[in-house]
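Working notes, structure below.
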Amino acid sequence: MSKQGSARVSRTLLLLFLLFAVLPLAAASPPYSRDDMISKSGACLECHQDAADNLKGSTHQLTMVDDKMAKVIVGCIGCHPGWEKHLEDPTKENIVVPANLTLAKQGQICSGCHLNDHQATMLTTDPHGRAQLACTSCHTVHGNKARSLVKDDKDDFCGACHTDVVAQFKSRSAHPLVTDNIRCSSCHFPDDRKDAALARGIDWTCQNCHSEYSGPHAFEHPVTETYSFNGGGCTECHDPHGSPNDRLLAQPGNGVCLQCHGIPPAHRTAHSGLGAKVACVNCHTDIHGSDDNGKLLDPQLNTKFFADCYQSGCHDKVR
Amino acid sequence: MRFAKALLIVAMIWTPMMAVATAAGNGDIKLGYIVLDETGNLSIDRATFNDYEGASLSLENFRYDFKNSMLLRANLRNMTMNNRNLTADIGKAGLFSLKLSHNQFRRIYDFHGGSTTRRHNEGVSLTFHPVRYIELFGGGSNMGRTGSTTDLFSPSPVGDRVDVDYKQYFYNGGARITYRGMMVASEFRGNRFRDNLNVNRDQDRTEGRLTATVPVPRYDWIVLQGGFRHFATKYTKTDFTISSNRGWGAAALALPKNFSLKYYVMIDRTSSDSDYTATDNLVHALYAGFTNLRYGGVTIGYQHDLNDQYLREYQGNSFHGSGWFKPVPRAELRAEYGNRAEDVKEGVRLVGNEDLNRFRLSSKYRYADIGNIAVKYEGKVRKNDDIGSKITLNRATIDCGVTLKKYATLTAGYSYGKGDYENSASNFKFTDHLLYGDATSREYRGLTVSAGATYYRSKRDLNVESFNVRCSAAFRFYDDMRFEAIYNVHNFDDFLVRDEYYTANIVEINLIKGLSF
């Protein structure tokens, strides 16, 4: 870490401190009382009984109609601001329909009850929000009994928009999405503002299921621990959605290695022309990290099929 | 462990059965039998890795609404099979929720299926609201994998087997306070990895995090967010530890006339027991947007980031532009472009400087009450002059869905993918074609039929073909009974590699009893 870098860190910490300093000042107006929510929403049903009917059986079913033992009080006025004016003059212009609002304004309404990392992130760093998608782009309230009120409660819900990703999952090798052993949300969940692809951060996403490959190792393969905010790590070599090659590899054979590495001159001759007959990982077996040597070579190399690797003097210094 | 699994299965079955005995709900009980006829290399068609022959019992789409507004849901698929996939949850909005899950997955690695691994995962999560604005949450999971894999690059003609036997335990707990747009949450996560074959791999990971979101008082068009995270991974055999501390903050401004402004900053220091591996990351990003709900929206953004460790420092500059446009209410056009340049400022790194470009174009048209058609094109270019590599990936997809209310539902799509990888020594090129379609008839006198197919072809440096043809018929009788027959053909051929062929005929017969009470 250079002095210049330390100064940047200090400036950023100061900025963060100032940012957090204003947090305790927050105090918002209180929500509607139970009595208000029930009595004032009741007036809406004189004209909008159909809305009450299509909420029946969903998590937003109206407390005063269908859910009198509910712990959370749900009423029309909680989601539709402007109701006071609408009661006096019942025109469309005098009532707010959240689906007709931008994300920021929908967020103000929905987050009155729903606020966890997902909703919070949507308002700031989530790419969906950045693309001007709002809560109602994926969720509908009226007439929907699906889990989380998503518009289409199918396994490939995300695929409705991400058709290109769906196609990748039908490649030669892919994660078992089709068998429902994993879902999109197993890897993509906006609770970590680390990278642009919404992933939980390379330190959790892949390791959640593949810890056997994760470090720390005494000798790391640097690409597996790129502490970068823009991908890197496992995805440098593997295409997580699907690949035409086995084991989700981006390229077959030595192609993956040659993305970053040239072929050392000695390898071109000593190993019968690397790339044609010998795979890099035949010798560099500990490609995800080694506890034995910095070249990520197989610790048992000298007792396996290349008995002379060390004895010949070529590799005796790499250990 | 077997006892715990049995207990979980019994609990999942027993709970809905109790509900059946005491009140109303709906769902499907399915009794089925699967016949599997496979020839060829069992390790190459991933779609059938987890299929087993035999009798299956399932409870699907079960839902029960208690009178006190509690809700119970369950999806218990193939309870009697080794590919069982069970999920169940019970809860009451605003009070609690409890979710249980268990699933198993088999992966085959050699021609005859002698080298396989089986992965199982059991999970539980619980949330509880002692008072309306406070949520306590926690949970855990137990994952294990046993069996043997085959070394993909082994020079041996039969491949080298690598035994696998490990377990991974995950647990978390935390609290969240929310009040009218304000949230403060803290969480602890832990993860223990234990390898029964190599204790050198055993490791513990822990994470603590604190996050907050708050609209500024009297200026609720400004939302501030921030958080802190500590993360550590420890190698239990040697106590070697890597830890990371990260702070972040964000501000979102909903400006007048539907303009918006977003800014976020992140700082992260990751270090190990050895000082020389400390790495700092710093990110600043700013996005400005405008939305007109009728006609469209546009966003532009810039990100500057820095990665600094003792060997080198590089800086990244990224630009982002995206927008959508609705010429008519039923049509939507979207475009996105991103550019990133990474420059090494101090020292050297293996891949030197790098440029990345990415763009997406998509359009969608929705026909009134009939369906929609979408066209999407995505491209990525990654270029590195220092090591003479260039990666170009392009993918175009057409996807359409049509519902002819009187007769059937149709979905079809085509995807074309093209990849070109070049480096100083070699190159790899492929072209993928994927064609798929399904048709399901409307129920006529109790009978529903469906048919579909997926065809995949990969060419140029590869020569792979695979397809899946599927058809099914379901007949409803006695109102709540259904008989279902499903036939699937899977075929795979790699014309360049010997023994890379596979064909499977799978017949599934189900008797389904609809529950409604």
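The values are calculated or read from the model by the stated rules, or taken from the named source; none is laboratory data. Just so we're clear, the structure is a prediction, and the values are computed from it rather than from any experiment. Using ideal geometry, Cβ is built from the backbone for each residue, glycine included, and neighbour counts are taken over all protein chains shown.
Structure notes:
- Condition check for residue B:242: over 25 Å from the mean Cα position of the chain (by Cα), buried (at least 22 other Cβ atoms within 10 Å of the Cβ) and either part of a strand (DSSP E or B) or more than 9 Å from chain A (Cβ to nearest Cβ) (or both): yes
- Candidates B:227, B:316: the one that is of a type outside the set (A, V, I, L, M) and either touching a residue at least 24 places away in the same chain (Cβ under 8 Å) or within 7 Å of chain A (Cβ to nearest Cβ) (or both) is B:316.
- Residue ranges of strands (runs of 3 or more DSSP E) in segment B:441-517 with at least 1 members in contact (Cβ under 8 Å) with a residue 60 or more places away in the chain, surrounded by fewer than 16 Cβ atoms within 10 Å (Cβ to Cβ) and over 29 Å from the mean Cα position of the chain (by Cα): B:501-516
- Test: residue in segment B:343-351 that is charged (D, E, K, R), under 30 Å from residue B:429 (Cα atoms) and modelled with pLDDT under 85: yes
- Enumeration of residues in segment A:280-310 that are modelled with pLDDT under 80 and either in a helix (DSSP H, G or I) or of a type in the set (A, V, I, L, M, F, W, C) (or both): A:301, A:302, A:303, A:305, A:306, A:307, A:308, A:309, A:310
- Residue match in segment B:451-466 (condition: away from chain A (no Cβ under 13 Å), under 26 Å from residue B:33 (Cα atoms) and not hydroxyl-bearing (Ser, Thr, Tyr)): yes
- Restricting segment B:255-269 to residues that are at the interface with chain A (Cβ under 7 Å from one of its Cβ atoms) and closer than 13 Å to residue A:103 by Cα, the residue that is surrounded by the fewest Cβ atoms within 10 Å (Cβ to Cβ): B:258
For (1) of a type in the set (Lys, Arg); (2) within 16 Å of residue B:452 (Cα to Cα); (3) out of contact with any Cys (no Cβ under 8 Å at 6 or more places or on another chain), each residue gets a yes or a no:
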{"position": "B:477", "(1), (2), (3)": "no, no, yes"}
{"position": "B:480", "(1), (2), (3)": "no, no, yes"}
{"position": "B:485", "(1), (2), (3)": "no, yes, yes"}
{"position": "B:491", "(1), (2), (3)": "no, yes, yes"}
{"position": "B:499", "(1), (2), (3)": "no, no, yes"}
{"position": "B:506", "(1), (2), (3)": "no, yes, yes"}
{"position": "B:509", "(1), (2), (3)": "no, no, yes"}
{"position": "B:513", "(1), (2), (3)": "yes, no, yes"}
{"position": "B:517", "(1), (2), (3)": "no, no, yes"}
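- Selected residue (only one of A:172, A:147 is touching a Phe, Trp or Tyr at 6+ places or on another chain (Cβ under 9 Å) and facing chain B (nearest Cβ under 9 Å)): A:172
- Hits in segment B:110-132 - residues which are within 19 Å of residue B:70 (Cα to Cα) and either in contact with a Phe, Trp or Tyr (Cβ under 9 Å, 6 or more places away or on another chain) or surrounded by fewer than 16 Cβ atoms within 10 Å (Cβ to Cβ) (or both): B:125, B:126, B:127, B:128, B:129, B:130, B:131, B:132
- Of everything in segment A:52-93 that is surrounded by fewer than 17 Cβ atoms within 10 Å (Cβ to Cβ) and of a type in the set (A, V, I, L, M, F, W, C), the residue that is modelled with the lowest pLDDT is A:69.
- The residues of segment A:61-82 that are in a loop (DSSP other than H, G, I, E, B) and within 9 Å of another protein chain (Cβ to nearest Cβ), listed by number, are A:61, A:67, A:68, A:69, A:70, A:71, A:72, A:73, A:74.
- Only a single criterion out of (1) over 17 Å from residue B:47 (Cα atoms); (2) surrounded by fewer than 17 Cβ atoms within 10 Å (Cβ to Cβ); (3) not small (Gly, Ala, Ser) is not satisfied by residue B:432, namely (2).
- Taken residue by residue, segment B:74-97 has at least one member that is within 22 Å of residue A:174 (Cβ to Cβ), of a type in the set (S, T, N, Q) and in a strand (DSSP E or B).
- Taking the listed residues B:142, B:196, B:200, the one that is in contact with an Asp or Glu (Cβ under 7 Å, 6 or more places away or on another chain) and away from chain A (no Cβ under 12 Å) is B:142, with no other qualifying.
Results for (1) within 27 Å of residue B:457 (Cα to Cα); (2) at the interface with chain A (Cβ under 9 Å from one of its Cβ atoms); (3) among the polar types (S, T, N, Q); (4) outside any strand (DSSP E or B), shown as yes or no for each residue.
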position: B:380; (1), (2), (3), (4): yes, no, no, no
position: B:387; (1), (2), (3), (4): no, yes, no, yes
position: B:391; (1), (2), (3), (4): yes, yes, no, no
position: B:396; (1), (2), (3), (4): yes, yes, no, no
position: B:409; (1), (2), (3), (4): yes, no, yes, no
position: B:418; (1), (2), (3), (4): yes, no, no, no
position: B:421; (1), (2), (3), (4): yes, yes, no, no
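- Positions within segment A:141-157 being touching a residue at least 24 places away in the same chain (Cβ under 8 Å) and surrounded by fewer than 18 Cβ atoms within 10 Å (Cβ to Cβ), in sequence order: A:142, A:143, A:145, A:155
- Search result, residues across segment B:35-70 that are assigned to a loop (DSSP other than H, G, I, E, B), of a type in the set (Asp, Glu) and within 12 Å of another protein chain (Cβ to nearest Cβ): B:45, B:51
- Residue within segment B:159-182 that is more than 9 Å from chain A (Cβ to nearest Cβ), surrounded by fewer than 18 Cβ atoms within 10 Å (Cβ to Cβ), free of Cβ contacts under 8 Å to residues at least 60 places away in the same chain and out of contact with any strand residue (DSSP E or B) (no Cβ under 9 Å at 6 or more places or on another chain) present: no
- Among all positions in segment B:207-217, there is no residue which is closer than 26 Å to residue B:109 by Cβ, polar (S, T, N, Q) and in contact (Cβ under 8 Å) with a residue 24 or more places away in the chain.
- Pairs, first under 15 Å from residue B:375 (Cα atoms) in segment B:401-412, second outside any loop (DSSP other than H, G, I, E, B) and acidic (Asp, Glu), C-beta under 7 Å, six or more apart: B:411/B:438
- For segment B:278-309, a residue qualifies if it is among the polar types (S, T, N, Q), within 8 Å of chain A (Cβ to nearest Cβ) and either out of contact with any Lys or Arg (no Cβ under 6 Å at 6 or more places or on another chain) or surrounded by fewer than 19 Cβ atoms within 10 Å (Cβ to Cβ) (or both), and the qualifying residues are B:279, B:281, B:291, B:307, B:309.
- Picking from residues in segment B:203-222 that are at the interface with chain A (Cβ under 9 Å from one of its Cβ atoms) and of a type in the set (A, V, I, L, M, F, W, C), the one that is farthest from the chain's Cα centre (by Cα) is B:216.
- Among the criteria (1) free of Cβ contacts under 8 Å to residues at least 24 places away in the same chain; (2) more than 9 Å from chain A (Cβ to nearest Cβ); (3) in a strand (DSSP E or B), the one residue B:363 does not fulfil is (1).
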